[in-house]
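To start, the structure under review is shown below, and the notes come after it.
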Amino acid sequence: MKKAELRRLYLDKRSSLSPAAVATASEQIAQRYFNEIDHRRVKRLHTFIRIPILNEFDTSNIYFRLWQERFEVETYPPRINAESGEIESIEFDSDTPMFENAWGIREPEGKEKAEPEEFDLVIVPLLCFDLAGHRVGYGKGFYDRFLARCRTDCLKLGVSLFPPVEAIEDVHSGDIRLDICITPDRKYRFREDSEYLN
């Protein structure tokens, strides 16, 4: 299937999930995440903040625990720069004021920024992924442009509420492949040589 068709299909599939089902799946994914990642080596982590109305994976299961157990790991969610249309990464913690942008996405009001090249790990949003590590996002290209600027050793980690599809038919050179994707039931590694993996 092609991205546009997969995007429609998985938006529908995700919208059909109950809040309880998303919460349970999010807890399962987070537990697998902590089993997979060696946070002793991670200094800076970029993570999206979920959009509840889109039934996204709840990343707070990860960053809340990091704030409590791995306070040395700096966490940065995205903020869209209205002028450039690019992702900026703004440091945040439990005390950072948040606001909703024009798309209803919560963003930090902080000023401490990090460049894509500074991240050891990026948690990437997606609608679905395939067995080669390619993903379907929301179609704006924000994350592909962001990931293209990350270091080659930066771990690109997807989180999905559903198992992979066999293949995404219309992948192109601008699509950045994941290194690992975690679902409620298992992990899919597309790279084995990362120092950030257990």
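The values are calculated or read from the model by the stated rules, or taken from the named source; none is laboratory data. No experiment lies behind these values; they were computed from the predicted model shown. Neighbour counts run over all protein chains shown; Cβ positions are idealised from the backbone, glycine included. When the accessible area is computed, the model is the full protein with side chains, heavy atoms only, and any ligands, DNA or RNA have been set aside. Shrake-Rupley method; radii C 1.70, N 1.55, O 1.52, S 1.80 Å.
Somewhere in the stretch 123-134, is a residue touching a residue at least 60 places away in the same chain (Cβ under 8 Å), in contact with a Leu (Cβ under 6 Å, 6 or more places away or on another chain) and in a strand (DSSP E or B)?
yes
Only residues that are under 15 Å from the mean Cα position of the chain (by Cα), in contact (Cβ under 8 Å) with a residue 40 or more places away in the chain and under 25 Å from LYS111 (Cβ atoms): list them for the stretch 34-79, please.
Passing the criteria: ARG44, LEU45, HIS46, THR47, PHE48, ILE49, ILE51, THR59, ILE62, TYR76, PRO78.
If you go through the stretch 169-187, how many residues are within 24 Å of SER15 (Cβ to Cβ), in contact with a Phe, Trp or Tyr (Cβ under 8 Å, 6 or more places away or on another chain) and either open to solvent by 10 Å² or more (accessible area, probe 1.4 Å) or not in a loop (DSSP other than H, G, I, E, B) (or both)?
2
Could you tell me which of the residues GLU100, GLU115, GLU74 is modelled with pLDDT of 90 or more and surrounded by fewer than 15 Cβ atoms within 10 Å (Cβ to Cβ)?
Exactly one residue qualifies, and that residue is GLU115.
Quick one: would you say ARG50 is surrounded by 15 or more Cβ atoms within 10 Å (Cβ to Cβ) and at pLDDT below 95?
yes
Restricting to the stretch 135-151, count the residues that are among the basic types (Lys, Arg) and outside any loop (DSSP other than H, G, I, E, B).
Final tally of qualifying residues: 2.
Yes/no matrix, rows are residues, columns are (1) under 28 Å from ARG14 (Cβ atoms); (2) not charged (D, E, K, R):
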position	(1), (2)
GLU91	no, no
THR96	yes, yes
ASN101	yes, yes
GLU109	no, no
GLU115	no, no
GLU118	no, no
LEU121	yes, yes
PRO125	yes, yes
ASP130	yes, no
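Could you tell me which numbered condition ARG7 fails, if it satisfies all but one of (1) at pLDDT 95 or above; (2) open to solvent by 20 Å² or more (accessible area, probe 1.4 Å); (3) out of contact with any Gly (no Cβ under 7 Å at 6 or more places or on another chain)?
(3)
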